[in-house]
2 protein chains.
Amino acid sequence: MALIVKKFGGTSVGSTEKIINVAKRIIEEKKPGDQIVMVVSAMGDTTDKLIELAKGINKNPYQYTREMDMLLTTGEQVSISLLTMAFKTLGQKAISLTGSMVGMKTDSVHTKGKILDIKPSRVKEELEKGKIVVVAGFQGADSKGDPVTLGRGGSDTSAVALAGALKADACEIYTDVDGIYSADPRLIPDARKMKEITYDEMLEMARLGAGVMQPRSVEMGKYFNIPIHVRSTFTNKPGTMIREAYTMEEKDFLIRGVAHDDNVAKIAILGVPNNPGIAHNIFSALADKAIGVDMIVQSIRNIEKNVTDMVFTIASDDLSQAKPIIDEVADKLNAIAVLIEEDVAKVSIVGAGMLGNPGIAARMFGALAKANVNMDAISTSEISISCLIKGDQLKVAANAIHKEFFPEN
Amino acid sequence: MALIVKKFGGTSVGSTEKIINVAKRIIEEKKPGDQIVMVVSAMGDTTDKLIELAKGINKNPYQYTREMDMLLTTGEQVSISLLTMAFKTLGQKAISLTGSMVGMKTDSVHTKGKILDIKPSRVKEELEKGKIVVVAGFQGADSKGDPVTLGRGGSDTSAVALAGALKADACEIYTDVDGIYSADPRLIPDARKMKEITYDEMLEMARLGAGVMQPRSVEMGKYFNIPIHVRSTFTNKPGTMIREAYTMEEKDFLIRGVAHDDNVAKIAILGVPNNPGIAHNIFSALADKAIGVDMIVQSIRNIEKNVTDMVFTIASDDLSQAKPIIDEVADKLNAIAVLIEEDVAKVSIVGAGMLGNPGIAARMFGALAKANVNMDAISTSEISISCLIKGDQLKVAANAIHKEFFPEN
């Protein structure tokens, strides 16, 4: 007997036929005494259709965030009622509950809400009655009772947070991939499905560009220490378990994965006086506009004149906003020049195993050297090493590194 | 300065274009300081589409009444968010609130809920901030917070009840007809639009077959003594005011209208012993199955044998369910025969004015006689007189009566 929260995304409930299939599967797999909470998203393209409708009123409907939340929360309300009917049609007791009804309390930042607290007494009550509880993901309500959506990755976050509040045994995220891979299979065909990965590694992978899980839900899992099982909607095979630490079997891997990111721009401010506070000058100006800076390298240009070069990366998406700010700071600092390079990419390795294993970085750099890939900058964290390289070398570099650490494939 | 509740039905908000037009009209007509509450239904065919979707899960989705309510309440939630965006786009402050959020407390009879109480503190709060408050009609929430729909005529009922709870100056029901007519214009081309009608007359008209307003909302208006203004979505002209009593001008009319009903079946149980309890025997058997009995005529067939005929009418819709019950009772009572006639209709006049005016009935019967219409049965209430006639004479009969009492047309 276990309490399990299962999250199904929009494509998994994209039609009434698919909804019936989800219900059948859940009933088949349910063991006697299991308590099941389903967290579901809006059906397939429902959200897009609702946004389209809102655009019929105003071209830019997202300026009315509260009303967008009022509108969009109907999407999940439709899918939970239909999935509950499907359970009942198959003879399984079930009940649907909106985000507000499961006690999902959020702040009032409409369309990008954060969960403040969950008081799932109603969920517990209905589970005790032997019902499968079908919950609307992606949504909660603020202190006034107004509907608030949780923004990107919101349904996963709902599911994990609810699992935490219910002290569930696990949270299963059903998705269109069958688990977390050691790298993006589109870039690295040899990528290997991981049986397990720690919260920290998963967060580091996500931060460094891996797209399967949003960091929010992983952080939530870490906070509540709820194992998150990422698995396929279409098969019964186990996927990848995200948890605090490995079981024995998986300990052998020194690294967990290779992440990559090509939404990177490199900025070099050349020849600035190497005075205290110079880095602060540059980066606080960017921080004021919420532009994140990633890899930072400071190198000495002329030791006698005490002049230095500052090199750092930002997301390409932020470049147009960052450019005038950087030019202004460079001007103020009497810099010689500002160089911007957009054709760059970042390739990273992630793994808690590297903590006690010196030489991992050397192996990574060696793999890159053998593949004739030059590195522009390097940055490291406790559980990751990232290299900045030319954008057109990304595929070669990522595959070479992956081969080095996952040779068996 | 006035507080007015305005209700717009599904066709009035059937497209984003229509929604924008409604918003424009309301802003144009709003006087400075007016407080406006909008009660709206789901857009056009939204409810039908949602029911269709549910039928994709189960052919008979209405067996799951709670889940149907969860599903169908999304319809109004979409229209209130869109109408609110339309107001904001036009520069008018506005906010949308669901049935649950306006404190519309209902019982738990899903799909046919009754309003138990309204605590509209949130509505008042938002009105005080100068906002137009856009409320989802047709819905409330029970004591558990579960969504409950109010069934047929529910949006009108929401609007009138909310007007009552807010002590509004009036409740305006916008519809596709421009008011209440003295008769159905499809049957009686001479029908005259009434400026005013009392709650009791309107209720009697509805009971006797007039379709514009559901009795529930009129009863609610009477309970709260809120004037209900039934008017057109498409024009600015005043419609019909339903209120407690007339203003002077309208006092002249002896009757308010001619109602008709062809959903009538006549049943005659012939030759039953005229003992105490016989009527009880027949009608309690029907009442047990929630079949309403309307006109009842008992006539003596044979005074020496103390044998009588019982004649009454029921709705044609109920006939198939009523038939076996009636046959069983007739059998038990040793009746001679049961005769059923389906080609009958009821034509009625309604008006509080007839109370102090004897001779109204005589004028009605005279008009029928002149038109060669035979009466099968007559029934009266304090403010109405009804005649049962042959179905194919309905049009002639109704027009003759209307002409008698509204000769000026």
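The values are calculated or read from the model by the stated rules, or taken from the named source; none is laboratory data. In this text the structure is predicted, and so the values were computed from the model without any measurement. Don't worry about glycine lacking a Cβ; one is built from the backbone with ideal geometry, like all the others, and counts go over all protein chains shown.
In this structure, B:Ser348 does satisfy being in contact with a His (Cβ under 8 Å, 6 or more places away or on another chain), among the polar types (S, T, N, Q) and surrounded by 11 or more Cβ atoms within 10 Å (Cβ to Cβ). Considering the conditions (1) more than 10 Å from chain A (Cβ to nearest Cβ); (2) in contact (Cβ under 8 Å) with a residue 40 or more places away in the chain, B:Gly130 is excluded by exactly one of them, (2).
Across the range B:92-111, what is the total count of residues that are small (Gly, Ala, Ser), crowded, with 24+ Cβ neighbours inside 10 Å and more than 9 Å from chain A (Cβ to nearest Cβ)? Going through the range B:92-111 one residue at a time, the tally reaches 1. Residues that are within 29 Å of B:Ala397 (Cα to Cα), in contact with a helix residue (DSSP H, G or I) (Cβ under 7 Å, 6 or more places away or on another chain) and in a loop (DSSP other than H, G, I, E, B) do occur in the range B:289-298, at least one of them. Remark: pairs (first residue in the range B:285-313, farther than 15 Å from B:Ile340 by Cβ and touching a residue at least 40 places away in the same chain (Cβ under 8 Å); second residue aliphatic (A, V, I, L, M) and in a helix (DSSP H, G or I); Cβ separation under 9 Å; 6+ apart in sequence or on different chains) = B:Ala285/B:Ile325; B:Ala285/B:Ile326; B:Ala285/B:Val329; B:Ile296/B:Ala279. Tallying residues that are buried (at least 18 other Cβ atoms within 10 Å of the Cβ) and more than 12 Å from every other protein chain (Cβ to nearest Cβ) within the range A:15-43 yields 8. Please determine, by comparing only the residues of the range B:166-183 that are among the β-branched types (Val, Ile, Thr) and surrounded by 23 or more Cβ atoms within 10 Å (Cβ to Cβ), which one is farthest from B:Leu203 (Cα to Cα). Ranking the candidates gives B:Ile173 first.
Hey, which of the strands (runs of 3 or more DSSP E) in the range B:306-409, taking only ones fully inside, have at least 2 residues that are acidic (Asp, Glu)?
On the way: elements: B:307-314, B:337-350, B:377-381, B:384-390.
Result: B:337-350.
Tell me whether the range A:305-313 contains one or more residues that are among the polar types (S, T, N, Q), surrounded by 11 or more Cβ atoms within 10 Å (Cβ to Cβ) and in contact with a helix residue (DSSP H, G or I) (Cβ under 9 Å, 6 or more places away or on another chain). So far as the range A:305-313 goes, yes, one or more of its residues are among the polar types (S, T, N, Q), surrounded by 11 or more Cβ atoms within 10 Å (Cβ to Cβ) and in contact with a helix residue (DSSP H, G or I) (Cβ under 9 Å, 6 or more places away or on another chain). Which residue is farthest from A:Ile20 (Cα to Cα), if the candidates are limited to the range B:53-78 and must be under 26 Å from the mean Cα position of the chain (by Cα) and more than 9 Å from every other protein chain (Cβ to nearest Cβ)? By that ranking, first place goes to B:Glu76. Annotation: of all residues in the range B:79-91 being more than 8 Å from every other protein chain (Cβ to nearest Cβ) and surrounded by fewer than 24 Cβ atoms within 10 Å (Cβ to Cβ), the one that is farthest from the chain's Cα centre (by Cα) is B:Gly91.
Just wondering, is there one or more residues in the range B:357-367 that are over 26 Å from the mean Cα position of the chain (by Cα), of a type outside the set (Gly, Ala, Ser) and within 30 Å of B:Asn302 (Cβ to Cβ)? Scanning the range B:357-367, I find at least one residue that is over 26 Å from the mean Cα position of the chain (by Cα), of a type outside the set (Gly, Ala, Ser) and within 30 Å of B:Asn302 (Cβ to Cβ), so the answer is yes.
In this structure, B:Ala400 does satisfy being crowded, with 22+ Cβ neighbours inside 10 Å and touching a residue at least 24 places away in the same chain (Cβ under 8 Å). For the range A:133-169, the candidate set comprises residues that are within 14 Å of chain B (Cβ to nearest Cβ) and either β-branched (Val, Ile, Thr) or within 17 Å of the chain's Cα centre (by Cα) (or both); within that set, the residue that is farthest from B:Gln77 (Cα to Cα) is A:Val133. Comparison of B:Glu328, B:Glu341, B:Glu382 shows that the only residue that is surrounded by 13 or more Cβ atoms within 10 Å (Cβ to Cβ) and assigned by TED's automatic domain parsing to the domain that holds B:Met310 is B:Glu341.
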